[in-house]
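Data block below; observations after.
Here, each number is a calculation from the coordinates, and none is a lab measurement. Worth saying up front: this structure is predicted, and the values here are computed from it rather than measured. Cβ placement follows ideal geometry from the backbone for every residue including glycine, while neighbour counts extend to all protein chains displayed.
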Amino acid sequence: MTTSNEPQSSATSAVDPLDSTIDPLGTTVDWLVSKLGKRIVMAAPLGLGKPNRLLNAIYQRVAADPSLHLHLHTALSLDPPTGSSALEKRFLGPFVERHFGADYPRLDYTVAQRRNQLPANIHVEEFYLQSGAYLGSSQAQRSYNSLNYTHVARAVAVSGLGVLVQKVAREPHGTRLSLSCNPDLTFDLLTEMAALDLPRPLLVAEVDPLLPYIGGTASVNADFFDRVIDLPGKTPMLFAPPRERVTDADFAIGLYSSTLVKDGGTLQIGIGSLSDALCHALILRHTRNAEYRQLLEALSPGLASSDLVLRQGGTGPFVQGLYGASEMVNDGFRSLHQAGILRRRVVDDIAVMQRVNAGKTTSEDEARLLGEGHWLDGGFYLGSPDLYRWLAEMPPEQAVGLGMTRISHINELYGGSEVIERLQRRDARFFNTCMLMTARGSAASDALEDGRVVSGVGGQYNFVAMAHALRDGRSILLLRSTRHAKGSTASNILWEYGHCTIPRHLRDIVITEHGIADLRGATDEECVHAMLALTAAPFQAELVAHAKAVLKLDASYVPAAALAGNTLDNLQRKLAPFRKSGLLPDYPLGCDFTETEQRLVRALSWLKSASARTPGKIKTVLQALRADPTQDAEAMQRMDYAHVSGWREWLDARLLALALHRTR
């Protein structure tokens, strides 16, 4: 928590009187050019907080006038999925129109950047990319800025920034505005610039009537902004990334992770299917505990009574509940709160928190916790329409417990109210995902070995470091033990890798679908042993050979026989009864697809894997020639294959029919 986020407005900060009722976008761009001149250095929030229509208007003006120059600082520029193959495009076309709206304003600069077609007078610098979207973009790769989330404000502050543009929500029946989804960097940026005695940038707000109004530390007076624009006409839908299907490997990772969360503790999580799996497992632990324990025993006999779980977590329902402190507020936190798990409240009072942690609260303390305490603090939010609806409709007595605030408060202990933050974040568990790990405990999360950036460091390093700084905190890295690439399976646990996000000296807890490894304080040999236990069986021998060759394992070492059971088939057998009973559904926190579309998602995934290599493609095509497209008429109708035209559509229809049959 934090008591106030709102910096004092400068003496010149007042809503500009220029009339913008006829063309608010055009007149705002005119106004910016008149204020800033030919060179516009601009910042925009990451994710949902971008005012897409205003950004597009500025982009189009600069692109059309070579005498102007635009330098944009931002991150996570969201773009609806488009698909690569003809089948994927057929599937995504109707879905994207329904889920995002036919009038969703794609960001012009993202479309141009993916094609390496940004004009010479426009430069876009991002510190976090939409995952995997820009691997083929030279412009995006060259302009990526590798920064910890907490260092972004400092970097942008000294860039010559002239204007910050941001989407905001208007207070219902009031006069205030809310930074809502993105107070994360705006306040930190202004504080940093003031500390450096740099001129305050222009602040421009675009009001979005669909954006939930979040009060408290996210709200400001209207004159905080130099210009506030309301756009006429229909408001485009809020960007909502489609929820992912949770696989057997994901569920296993989520179940293992759920045993390390301590009742009365603190939780940080990310977004995606691994996060969904973890939250679903925590909900099962709290609401269906007997079945949850049966599931754990089937997955890993004796896990619930293991020393690690007894010391670091638990498997019982949540009596005290959890407090959330996470840079991202997502559907997982929504589901945890609705299940009665996310409910431990904290206040910014050292004496009160000391009594809370000692179990000696007074009646006055309890009243204060209930009246003003936060059960969740976050820097930005992003998720499904269900999440946005939940935020918008939250009753006042619940809404007071949600704090949207600056990222420096969420992602670091130092430089602020460290004492109170340590008291609030007791038994903190920081769950983050990575792509690959080495057998020595280092992790690659943001980029490939060749240097191309997949996403970004974001706050991952912040949370790993914080886990080591907190006496009872733990960093927990999650990854699937294998990946499918170009038609073959590869290990995600390697001896070495040419890129590192988290160094091995910060190794802590690691989880794959094959178990948990506690690496904190481990020797190199102990670390290799533990990581081998998380590695898929076909790839263990190569790791052992490497480790022996460089003297990290004794020459006589032989892997335990039980490690041969680290296979996907074995995992699927363990989870199959619980899949069949409905305890582990494909989309545990909600689904954006219809039942027919869910079948198509599975089918298209199978087809992509089966035809990734030439031999598999030939085999799949030959089998498809005998497939019957009438077996799933509903799915074929959804893909507009009721009637086909030409040999390409004829073949694609049969490939789809084969995939539907194989995944039925």
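What ranking do 608-614, 126-132 get when scored by the average of other Cβ atoms within 10 Å per residue, highest first?
Final packing ranking: 126-132, 608-614.
About the Cα centre of region 595-662, what is the dipole size in debye to 20, counting +1 per Lys and Arg Cβ and -1 per Asp and Glu Cβ, all else neutral?
Values: 11 positive and 8 negative charges, 101 e Å.
That gives a dipole near 480 debye.
Calculate, in nm to one decimal, what R311 and Y104 gain on full extension: separation in residues at 0.36 nm each, minus their alpha carbon distance.
The span from R311 to Y104 would gain 69.6 nm if fully extended.
Output the relative contact order of region 595-662, whole-number percent, from Cα pairs under 8 angstrom with separation of 6+ residues.
Normalised by residue count, the contact order of region 595-662 is 45 percent.
In nm, to one decimal, how far is the L210 label point from the Q623 one, both placed 7 Å along Cα→Cβ?
About 4.0 nm separates the two model spin labels.
Pick out, from P201, G216, A140, the residue whose Cα sits farthest towards the positive end of the charge dipole of region 115-246, with +1 on the Cβ of Lys and Arg and -1 on the Cβ of Asp and Glu.
A140
Which one of P615, H643, L604 has its Cα pushed farthest toward the positive end of the charge dipole of region 595-662, where Lys and Arg give +1 and Asp and Glu give -1 at the Cβ?
Going by the charge dipole, the pick is P615.
Given the C-alpha centroids of region 286-316 and region 617-644, what is the distance between them in whole angstrom?
44 Å
Compute, for region 24-230, the length of the dipole vector about the Cα centre, with Cβ point charges of +1 (Lys, Arg) and -1 (Asp, Glu) only. Units Debye, rounded to 20.
Details: 19 positive and 19 negative charges, 91 e Å.
The dipole of region 24-230 has a size of about 440 debye.
Put a dot 7 Å past each Cα toward the Cβ at K234 and A490; how far apart are the dots in nm?
Simple spin-label model gives 4.4 nm for this pair.
State the answer as a single residue: which of Y587, T186, A358 lies farthest towards the positive end of the charge dipole of the chain, with beta carbon charges of +1 for Lys and Arg and -1 for Asp and Glu, about the Cα centre.
My answer, from the dipole projection, is Y587.
Label-point separation (nm) for I350 and D524, each offset 7 Å from Cα along Cα-to-Cβ?
4.4 nm
Starting from the Cα coordinates of the chain, work out the convex hull volume and express it per residue in Å³.
175 Å³
How much FRET efficiency would the formula 1/(1 + (r/R0)^6) give for A298 and A564, where r is the Cβ-Cβ distance and R0 is 30 Å, rounded to 0.05?
Efficiency for this residue pair is about 0.95.
Shape of region 96-136 from its Cα gyration tensor (a ≥ b ≥ c, root eigenvalues): rounded if a/c is under 1.5, otherwise prolate when a/b > b/c, or oblate? Don't skip to the end; give the middle numbers.
Numbers: a/c = 2.36, a/b = 1.60, b/c = 1.48.
Note, shape of region 96-136 comes out prolate.
What does the helix-only formula give at 222 nm for the chain: each DSSP H stretch with n ≥ 4 adding -39500 (n - 2.57), the total divided by the residues, and the result rounded to the nearest 500 deg cm²/dmol?
For the chain, the value works out to -11500 deg cm²/dmol.
Between H505 and E171, what is the FRET efficiency for a Förster distance of 45 Å, r being their Cβ-Cβ separation, to the nearest 0.05?
0.40
Multiply the residue gap between A576 and H643 by 0.36 nm, knock off their C-alpha separation, and tell me the result in nm, one decimal place.
Contour length minus Cα-Cα distance gives 20.4 nm.
For region 458-503, what D do you get in µm² per second when you plug the Kirkwood radius from alpha-carbon pairs into Stokes-Einstein at 4 °C and 1.567 mPa s?
Details: Rh = 12.9 Å.
Value of D from the Cα-based Kirkwood radius: 100 µm²/s.
Over 31 Å between Cα atoms, which of K262/K580; K50/K580; K262/K574 qualify? Write down the numbers at each step before the final one.
On the way: K262/K580 29 Å; K50/K580 42 Å; K262/K574 26 Å.
In this structure, K50/K580 exceed 31 Å between Cα atoms.
What is region 188-338 by shape, rounded, prolate or oblate, if you read a ≥ b ≥ c off the alpha carbon gyration tensor as root eigenvalues and call it rounded for a/c under 1.5, prolate for a/b larger than b/c, and oblate otherwise?
prolate
Which order, highest average first, do 137-148, 651-662, 175-186 follow once you tally other Cβ atoms within 10 Å for each residue and take the mean per peptide?
175-186, 651-662, 137-148
How much FRET efficiency would the formula 1/(1 + (r/R0)^6) give for Q598 and K89, where r is the Cβ-Cβ distance and R0 is 25 Å, rounded to 0.05?
0.85
Placing unit charges on C-beta atoms (Lys and Arg positive, Asp and Glu negative, everything else neutral), compute the dipole magnitude of region 48-147 about its Cα centre in debye, rounded to 20.
Magnitude of the dipole: close to 160 debye.
Check each of the trypsin sites (Lys or Arg not before Pro) in region 241-304 and keep only those in coil by DSSP with at most 15 other C-beta atoms within 10 angstrom; list them in order.
Those that pass, being in a loop and sparsely packed, are R288.
Using Cβ contacts closer than 10 Å as the measure, can you line up K617, K580 from fewest to most? Don't skip to the end; give the middle numbers.
Values: K617 15, K580 9.
By the 10 Å Cβ count, ascending: K580, K617.
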